[in-house]
Amino acid sequence: MFRETTYHIYIYAVVAYLIMNLLPRNQQHKVMVVFLLSYMSGQHIYSMLNDFGGFHMDITTYTMILVCKLWILSFAYKDGGEDPKTLTPD
């Protein structure tokens, strides 16, 4: 169904992995948000330019879900590195 556009999923995963491993734990979530939203925006702009007003299932349907999951993962990774004394009791 998506054939050659599935490489976007691998790009998201590889770049997210590199960001989380190469940047400091307390800073990586900011870079991750910028990367995820800019890449997804680029995908949507490309879809609009090629088929404005049309309805078809493309890879952006699945990458929007992946963006949410990677975004949550980056913040959970950041929170996991916090000092337990600075966290709230909840």
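Things worth noting here:
- Hey, Glu82 assigned to a helix (DSSP H, G or I) and more than 17 Å from the chain's Cα centre (by Cα) or not: no
- The set of residues from the range 1-25 being surrounded by fewer than 11 Cβ atoms within 10 Å (Cβ to Cβ) and polar (S, T, N, Q) comprises just one member, Asn21.
- Residues of the range 61-76 that are closer than 18 Å to Glu4 by Cα and without any contact (Cβ under 8 Å) to a residue 40 or more places away in the chain: Thr61, Met64.
- Inside the range 19-60, residues that are charged (D, E, K, R) and either touching a Cys at 6+ places or on another chain (Cβ under 6 Å) or in a helix (DSSP H, G or I) (or both) make up a count of 1.
- Residues in the range 1-60 that are among the aliphatic types (A, V, I, L, M) and more than 15 Å from the chain's Cα centre (by Cα) were compared, and the one that is farthest from Gly81 (Cα to Cα) is Leu49.
- Residues of the range 54-90 that are exposed (fewer than 10 other Cβ atoms within 10 Å of the Cβ) and among the aromatic types (Phe, Trp, Tyr): Phe55 alone.
- Ser38 being touching an Asp or Glu at 6+ places or on another chain (Cβ under 8 Å) and either surrounded by 11 or more Cβ atoms within 10 Å (Cβ to Cβ) or without any contact (Cβ under 8 Å) to a residue 60 or more places away in the chain (or both): no
Read-outs: derived from the displayed coordinates by stated rules, not from any lab. Just so we're clear, the structure is a prediction, and the values are computed from it rather than from any experiment. With ideal geometry, Cβ positions are generated from the backbone for all residues, glycine too; neighbour counts draw on all protein chains shown.
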